[in-house]
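The next block holds one structure in the form of structure tokens; read it before the comments.
The values are calculated or read from the model by the stated rules, or taken from the named source; none is laboratory data. On a predicted model such as this, the values are computed, not experimentally measured, just so you know. Please note: Cβ atoms are built from the backbone with ideal geometry, for glycine as well, and neighbour counts cover all protein chains shown.
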Amino acid sequence: MTAGERDAVISAIIAKAWGSETYRARLLADPVAVLRGEGMDLPAGIAIRVVEDTTGTRTLVLPAKPVDLTEEELGRVVGGADPSHCANWCLCCANCAI
């Protein structure tokens with residue numbers, strides 16, 4: 001699945017969750033099952049946490065620090081100049097390609 005295809009699936013999941021309280025509840029309770037049910041190929045044993053923002057709360061995702069990068073590569077990733085080492089899977093930027 002390409003990053004664009006993944007983004008389209010995630011957008012569809014969000015739209016469904018906004019439109020259906022039952023689907024939203026399933027997504028919050030068992031996100032791995034919902035994502036797989038929508039065609040996403042997830043590694044065995046992966047944990048996915050869905051966090052719902054509210055009008056008064058926003059979520060900041062702190063990605064795991066890559067352990068195999070040089071200081072120069074880490075600087076490019078942190079500065080947003082090199083998305084190829086993105087350690088995050090999120091909707092906050094166009095760089096996520098996992």
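Here are the numbers:
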read-out: Out of GLY75, GLY56, sole residue that is at pLDDT 90 or above and surrounded by fewer than 13 Cβ atoms within 10 Å (Cβ to Cβ); value: GLY56
read-out: Long-range neighbours under 8 Å by Cβ, at least six apart or interchain, first residue closer than 18 Å to ARG49 by Cβ within segment 1-21, second in a helix (DSSP H, G or I) and of a type outside the set (A, V, I, L, M, F, W, C); value: ALA17/TYR23; ALA17/ARG24
read-out: Failed item, numbered, when PRO66 is tested on (1) at pLDDT 75 or above; (2) over 12 Å from the mean Cα position of the chain (by Cα); value: (1)
read-out: Of all residues in segment 1-40 being outside any helix (DSSP H, G or I) and polar (S, T, N, Q), the one that is surrounded by the most Cβ atoms within 10 Å (Cβ to Cβ); value: SER20
